[in-house]
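Trainee: First the structure, which I've put down as structure tokens, then a few questions once you've had a look.
The values are calculated or read from the model by the stated rules, or taken from the named source; none is laboratory data. Please read all numbers here as calculations on a predicted model, not as lab measurements. When we count neighbours, we look across all protein chains shown, and the Cβ atoms used for this are built from the backbone with ideal geometry, even at glycine.
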Amino acid sequence: MSKHSFSGKCAGMMWPSMQTCSVGVYELVPRASGNGEKPGKVKVRVSGNVSDFQRICDKAAEICKQLDAGKYSGPKTVRV
């Protein structure tokens, strides 16, 4: 099971004048109630142009795998 995940939105999808996307990569932490997990603090932010949304998601997924393995040593902010 993955310990890290990512989520985010493209500003261009909400406001057509914006052309950027950003997703945050975070660790999943247990809920205080004991029911499931919730997002922790963002560890890495991956951003880029709206037209590169799939590349942004692919890079975030790659970073999640590296964080799960304890092998990520890259920057806190990644631009694709």
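Trainee: So which residues in the range 15-67 are polar (S, T, N, Q) and not in a helix (DSSP H, G or I), if there are any at all?
Mentor: Across the range 15-67, the qualifying residues are Ser17, Gln19, Thr20, Ser22, Ser33, Asn35, Ser47, Asn49.
Trainee: A follow-up question, please. Looking at the range 60-77, I want the residues that are over 10 Å from Val25 (Cα atoms) and in contact (Cβ under 8 Å) with a residue 24 or more places away in the chain and have a partner that is assigned to a loop (DSSP other than H, G, I, E, B) and among the charged types (D, E, K, R) with Cβ atoms under 6 Å, at least 6 apart or on another chain. Which pairs are those?
Mentor: Filtered contacts from the range 60-77: Asp68/Lys3.
Trainee: Another one. Taking into account only those residues within the range 57-75 that are within 13 Å of Gly8 (Cβ to Cβ) and either modelled with pLDDT under 95 or charged (D, E, K, R) (or both), which is surrounded by the fewest Cβ atoms within 10 Å (Cβ to Cβ)?
Mentor: Ranking the qualifying residues of the range 57-75, first place goes to Cys57.
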